[in-house]
Amino acid sequence: MAYFRKLDEELRRLTGLLQKDQRWLILMTADPDAMGCAMALRRIIGRKVAKVGLAHINEIRRPDNLAMIRYLRIPTKLLTPRIAARYDHFALVDSQPHHNPAFQDFTFSIVLDHHPVKKEAPVKADFAEIRTEYGACSTLLTEYLYNLDIKPAPFLATALLYGIKSDTQSFEREFCDTDVRAFRYLSKFANQMALKKIVRSEYHLRWLDYFRKALEQLEICDQGAYVFMGKVENPDILVILADFFLHVHEIGWTAVAGQCKNSLVVIFRGDGLTRDVGQMASDLFGDLGSAGGHSQAARAEIDLAKLTVSPEDLLCGRFDGKKLRCCNGHLGEAPPSAAPKTVPEAAPDGPSAKKP
């Protein structure tokens, strides 16, 4: 049995798109998985075209992401119209065009991802591969490197390794055997000292005030917890808090919400047993904005201008009211109105939609 699946046909189609006079820009919403994928794709196509650049659409503020860029020398820049105008071909990694309006003005030749596909928003690209069973897109790019007989340099291997570690939360979220094989393979080449430095760069000092506020205002309901943080500098702190509260024994799901610029952002995390938080996010907020995700990680984003009540009143009404009790986001057990079933010992393997 081969270590990874054979990609002869996929590589033939992919490399068939590349010509020496082309200038490619790889786009992403920057997080560890996306940056690892962008570096890998850059390595794959870089010697076959005239130029390859990396650009991200989001502000990068999380300490681990900043440390990753610094220590692994990732040459990504914030996307601007001036930067985009320098390139004639575009690729997208760890995302799909409908995930963000910033992607919708581009025609992508390559799309590589692992998030669920929406029937109403099919991916259109000359070459697209979306492996929804993979816990990280970095696993997919590792397969491509392996099939091309490209041994990843230490910084590239470290970026991909941390991408897998981050998106699977050290294999506590959904993953498959291929993720494990990719992690094991990359471990032989990664710079472990750089990885350790990145992993330990988790918080800004000023973020400790958010922890204090969250602990004071946390609301417990229906085997989970939610908190409204008011205005936050960026959604990253919401992600960190949602992950943090999931470590409490009695809490099976968390939702941390905050106002960021003109949006209300709600970050969901789940243990994979109590509720499918991807379905939960969709049930609770799908009527107001984009909402969905995996069974263990999800997100909702709502335009504040569309709200007729305050964000705090909205959250209280949705989480404490009938809407939460009636939503279909249960895993391994029946909804409250049905006869209970035994909760399985482990979460089901199939994903439902990504992390932010």
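The values are calculated or read from the model by the stated rules, or taken from the named source; none is laboratory data. Values in this document were obtained by computation on a predicted structure and should not be read as measured data. Glycine gets a Cβ as well: all are built from the backbone with ideal geometry, and neighbour counts include every protein chain shown. To get the accessible areas, we keep the full protein, side chains included, count just its heavy atoms, and leave off ligands, DNA and RNA. Shrake-Rupley method; radii C 1.70, N 1.55, O 1.52, S 1.80 Å.
Just a few scattered comments:
- Relative contact order of the chain, defined on C-alpha pairs under 8 angstrom at six or more residues apart (%): 13 percent
- Remark: the chain carries a charge dipole of roughly 1540 debye about the Cα centre, counting +1 on each Lys and Arg Cβ and -1 on each Asp and Glu Cβ.
- Rolling a 1.4 angstrom probe over the chain with all protein chains present gives an accessible area of which 50% lies on carbon and sulfur atoms.
- In segment 67-118, Rg over Rh equals 1.00, where Rg is the alpha-carbon radius of gyration and Rh the Kirkwood radius from pairwise Cα distances.
- Contact order, relative form, for segment 23-168: 31 percent (alpha carbon pairs under 8 Å, 6 or more residues apart, mean separation divided by residue count).
- Listed residue (96, 50, 66) projecting farthest to the positive dipole end of segment 6-100, Cβ model: 50
- Packing order of peptides 210-218, 36-44, highest average first: 36-44, 210-218 (average count of other Cβ atoms within 10 Å over each peptide's residues).
- Debye, to nearest 20: dipole size of segment 113-225, +1 on Lys, Arg Cβ, -1 on Asp, Glu Cβ: 560 debye
- For the chain: accessible area per residue (Å², 1.4 Å): 47 Å²
- Degrees separating the helix 154-167 axis from the principal Cα axis of the chain, which is the longest one: 20 degrees
- Mean Cβ count within 10 Å, highest first, over the residues of peptides 115-122, 169-176: 169-176, 115-122
- Ellipticity estimate at 222 nm from DSSP helix runs (n ≥ 4, -39,500 (n - 2.57)) divided over the chain, nearest 500: -10000 deg cm²/dmol
- Kirkwood hydrodynamic radius of the chain, from inverse mean 1/r over distinct Cα pairs, in Å: 21.0 Å
- Computed over segment 1-130, Cα set: Rg, Dmax in Å: 14.7, 48
- Debye intensity ratio I(q)/I(0), log10, segment 167-301, q values 0.10, 0.13, 0.21 Å⁻¹ (C-alpha model): -0.38, -0.62, -1.25
- Once C-alpha pairs closer than 8 Å and six or more residues apart are averaged by separation and normalised to the residue number of segment 142-225, the relative contact order reads 31 percent.
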